[in-house]
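Okay, so here's the structure we're looking at.
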Amino acid sequence: MEPRFWDEIIKDAPICQELLNNFDKIKKEALDFIADPATLFDYPQYRVHYNDTDYNIYENYWKAVPMSRYEKEYIDTKSSPEQMKMIEGIITRSKQRCPIINSIIYPLEKDGNLANSFISRLIPGSKINPHDGTTSNFMRIHLCLIEDPGCKITVDNETRTWEEGKLLAFKDGKPYLHSVKHEGTHERVVFSIDVRIDPYLRPYMKL
């Protein structure tokens, strides 16, 4: 049976080691950047259909700032040229303000091994409903910058929480649905990155 969480399985991958080794720098850079509320944007809201029910992907609050271009989440392919220009400007600003993060993701982006990266913030009372992403070809890796034990993620039937300075990894796409519920007392912030499994991560997997 396929694992729900993959962080222990992929921990020897260079990107995982780079994120962990640069945790303090990444945390400071990211938190300094999002200290300005205008930096964060509402995560794109969309409808999910599951078990004959339609519902919003999240409830209450989910803010994020994109660090790279990913059309299925941050860029609507039907956007006007003006909207596209605005979004590209946001990504450019993010890269300029976060040079350490950009230096880590750039090689992956250049080689086609990066699908998406963003800084994500949730507050108490927020809920991300059960869903899966568009593809299982990428691994979603979270580096926790601010933890709250009351904020928990469930992949299929396994529930965990984030720990500051540590990685948490799962497939955004199939075979499992995942969801998040924040019943804690303060914000939870992660740096999220989607990395290609084949050929990039596969050689480092220890199943």
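Quick note: the coordinates plus some simple rules give every number you see, no bench work behind them. Predicted, not measured: the structure shown is a model, and the values here were computed from it. Here Cβ is always computed from backbone atoms with ideal geometry, including for glycine, and neighbour counts include all displayed protein chains.
Here is how the numbers come out for the structure above:
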item	result
Pairs beyond 20 Å (Cα-Cα), from LYS28/LYS166; LYS11/LYS166; LYS127/LYS152; LYS152/LYS206	LYS152/LYS206
Ellipticity estimate at 222 nm from DSSP helix runs (n ≥ 4, -39,500 (n - 2.57)) divided over the chain, nearest 500	-7500 deg cm²/dmol
Two-decimal Rg/Rh across region 14-204, once Rg and the Kirkwood Rh are taken from alpha-carbon atoms	0.93
Gyration tensor (alpha-carbon) shape descriptor, region 1-96, a/c threshold 1.5	oblate
Nonlocal amide H pairs with CYS151, under 5 Å, H built at 1.01 Å	GLU183, GLY184
Full-extension gain in nm, LYS174 to ILE100, via 0.36 nm per residue minus C-alpha separation	23.5 nm
Distance (nanometres) between label positions extended 7 Å along Cα→Cβ at GLU164 and ASN60	2.1 nm
Stokes-Einstein D for region 1-52, Kirkwood Rh over Cα pairs, 25 °C, 0.890 mPa s (µm²/s)	165 µm²/s
Among 58-68, 18-28, 96-106, the order from most to least packed when residues are scored by Cβ within 10 Å on average	58-68, 96-106, 18-28
